[in-house]
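Let me begin by presenting the structure, written as structure tokens, before commenting on it.
The values are calculated or read from the model by the stated rules, or taken from the named source; none is laboratory data. Keep in mind that what you see is a predicted model, and the values were worked out from it rather than measured. Note that we place each Cβ from the backbone using ideal geometry, even for glycine, and neighbour counts take in every protein chain shown. Heavy atoms of the whole protein, side chains included, go into the accessibility calculation; ligands, DNA and RNA do not. Shrake-Rupley method; radii C 1.70, N 1.55, O 1.52, S 1.80 Å.
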Amino acid sequence: MVQENIYEDAIHEERTRIAGELDTLLQTFLSASMQLGVAADSLPSHSPVKPRLDRVLQIMDEGTKVGLNTIQSWLSQPPPKRKLESRLYLSEEVTAKEKEIIEAALRECLGRLFGASGAAAKLGIARSTLESKIRSLKINKNHFKPYPGT
């Protein structure tokens with residue numbers, strides 16, 4: 001699953017890079033088309049070159065539209081869903097590890113949160129932060145006290 005995510009991420013990144021390069025190419029193409037259009041407008045209407053030049057401009061315009069549509073479709077595709085799923089999985093892993101670390105500190109400090117020998121000092125975080133984490137992770141801090149209720 002992780003290997004698939006790497007390939008899908010790489011494909012998405014490559015598609016975005018190519019779309020950027022295609023956009024640069026289309027900008028150059030549009031600039032040339034505009035200059036050619038100015039040149040075509042300066043030709044006399046009875047010039048034998050005028051119909052051919054108008055046809056070239058028409059083809060350039062159609063090509064530009066196709067290129068822009070391609071860029072829009074490539075960039076509008078969302079990143080692979082598995083990437084989001086793997087982030088959620090990673091988030092769950094981090095939360096579980098965080099809970100494990102806090103419980104180990106509480107166990108080692110016999111449920112004491114503050115003071116020099118408390119879990120907050122051992123973890124290097126503020127007592128209020130530790131209390132907030134304990135609430136959010138639904139840890140029963142009394143479970144780690146040698147005599148519950150003290």
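Observations on the structure shown:
- Total residues in segment 133-148, condition in a loop (DSSP other than H, G, I, E, B), loosely packed, with under 11 Cβ neighbours inside 10 Å and at pLDDT 85 or above: 1
- For segment 28-59, a tally of residues being open to solvent by 100 Å² or more (accessible area, probe 1.4 Å) and among the polar types (S, T, N, Q) returns 2.
- Whichever residue in segment 111-132 is part of a helix (DSSP H, G or I) and open to solvent by less than 70 Å² (accessible area, probe 1.4 Å) and, among such residues, is farthest from LYS97 (Cα to Cα): ALA121
- Candidate set: segment 79-110, residues that are open to solvent by less than 100 Å² (accessible area, probe 1.4 Å) and over 30 Å from LEU130 (Cα atoms); chosen: the one modelled with the highest pLDDT: PRO79
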